Amino acid sequence: MDPAKLPQHIAIIMDGNGRWAKQRKLPRAAGHKEGVESLRHVLQACGELGIKYLTVYAFSTENWGRPQEEVDFLMGLFSFAIDREINSLVKNQVRLQFLGRLADFSPQLKKKMHDAMEKTKQGGRITLNVMVNYGGRAELIDAVNEIIEHRTQNANQRIEEQDIQAHLYTRDIPDPDLVIRTASEFRVSNFLLWQIAYAEIYVTPVLWPDFRREQLLAALNDFSKRERRFGKL
Ligand code: IPE
Ligand code: IPE
Ligand code: MG
């Protein structure tokens with residue numbers, strides 16, 4: 001693969017865990033668990049390919065509306081995955097960030113997420129952003145409120161594009177070049193509304209627990225053929 005034609009930043013809507021489990025007559029939880037394995041494989045492949053940023057949608061602001069049992073399972077799974085993976089992330093120089101409204105999580109989970117971010121913050125090989133309790137609208141609301149709170153002088157000055165950009169959760173990273181959505185849904189579901197303005201979109205029928213290195217390479221091959229124009233000729 002021509003490195004010049006690889007995206008710098010890949011964002012993934014990891015969808016289809018429930019359907020994967022259903023096909024196998026397993027509880028939905030089994031699909032979520034297998035989904036963590038897919039993330040491990042995809043992260044490793046991205047690291048090897050030299051991709052600098054991987055952003056994955058793990059829990060949306062709307063996902064609180066699922067049955068309590070499933071929400072509880074997912075919270076436990078985040079915690080379990082952090083414990084199991086943290087040493088390997090540090091060793092492989094992965095900078096892990098949890099982005100979203102973390103304040104709504106339990107004190108224990110919040111602490112675990114903050115500790116994991118602290119432990120991996122020097123990771124220079126690849127940044128993994130795990131979006132949790134994340135909504136694109138919530139992020140924009142949080143950005144605007146931060147701007148207002150931080151304004152002391154020039155209170156009537158217009159808010160410009162760079163002001164919004166500078167207050168997003170993703171303020172320190174470039175916009176995604178490629179958004180992958182698994183499990184055949186052709187929708188954005190409140191993911192990175194601002195940042196995907198000019199992202200290339202790739203939808204695959206593959207369910208997230210089945211999405212591994214081979215499926216990533218297929219997406220990258222497709223991306224390498226896109227002509228990006230950014231509105232220009
Ligand atoms: C994506 O898989 C994971 C989360 C939203 C947490 P789903 O749980 O949405 O799986 P489907 O869409 O029901 O198959
Ligand atoms: C989007 O998937 C959220 C995550 C992958 C975390 P959903 O399964 O929640 O989205 P909808 O409900 O199909 O739009
Ligand atoms: Mg879904």
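The modelled label-to-label distance between Y198 and R84, using points 7 Å beyond Cα along the C-beta direction, is 4.0 nm. Applying a length cut-off of 18 Å (Cα extent along the axis) and a mean Kyte-Doolittle floor of -1.0 to the DSSP H helices of the chain leaves 28-49, 68-91, 136-150. In summary, the lysines within cross-link reach of K33, defined as a Cα separation below 16 angstrom excluding same-chain residues under 8 places away, comprise K22, K25. Its alpha carbons give region 10-85 an Rg and a Dmax of 13.2, 39 Å.
Computed from the alpha carbon atoms alone, the convex hull of region 166-233 holds 120 Å³ per residue. Placing one equal scatterer on every Cα of region 127-187 and applying the Debye formula, the log10 ratio I(q)/I(0) at q = 0.30 Å⁻¹ is -1.38.
The 3J(HN,Hα) values that the Karplus relation (6.51, -1.76, 1.60; θ = phi - 60°) gives for region 154-167 are, in residue order, 6, 4, 9, 5, 5, 7, 10, 3, 5, 5, 4, 3, 6, 10 Hz. Gly and Pro appear as x.
Model label points for M1 and R66, set 7 angstrom from Cα along the Cα-to-Cβ axis, are 2.7 nm apart. Considering only N154, N63, N92, the Gaussian network model of the chain with Cα springs below 10 Å gives its largest mean-square fluctuation to N154.
Across region 3-58, C-alpha contacts under 8 Å between residues 6 or more apart give a mean separation that, scaled by the residue count, equals a relative contact order of 53 percent. Secondary-structure-derived ellipticity at 222 nm for the chain, considering helices only, amounts to -14000 deg cm²/dmol, per-run term -39500 (n - 2.57) for DSSP H runs with n ≥ 4. For region 61-144, the Cα-based Rg and Dmax, in that order, read 13.5, 38 Å.
Listed by chain and number, the lysines whose C-alpha is less than 17 Å from the C-alpha of K52, apart from same-chain residues fewer than 8 away, are K5, K91, K121. The stretch between L140 and S184, if pulled fully straight at 0.36 nm per residue, gains 13.2 nm over its current Cα-Cα span.
Using the Cβ-Cβ distance between E48 and S106 with R0 = 41 Å, the FRET efficiency computed as 1/(1 + (r/R0)^6) comes to roughly 0.75.
The value of relative contact order for region 123-203, using C-alpha pairs under 8 Å at least six residues apart, is 35 percent. Note: relative contact order over the chain, using C-alpha pairs below 8 Å and six or more positions apart, is 29 percent. The H on the amide N of E200, modeled in the peptide plane, is under 5 Å from the matching H of L178, V179, each at least 5 residues off or on a different chain. Compactness of the chain is given as radius of gyration and Dmax, 18.0, 60 Å, from Cα positions. On the basis of the beta-carbon distance and an R0 of 45 Å, Q93 and I164 show a calculated FRET efficiency of 0.90.
Every number here is computed from the coordinates shown, using simple stated rules; none is lab data. As the structure is a prediction and not an experimental result, all values here were calculated from the model. Glycine also receives a Cβ, built like all others from the backbone with ideal geometry; neighbour counts cover every protein chain displayed.
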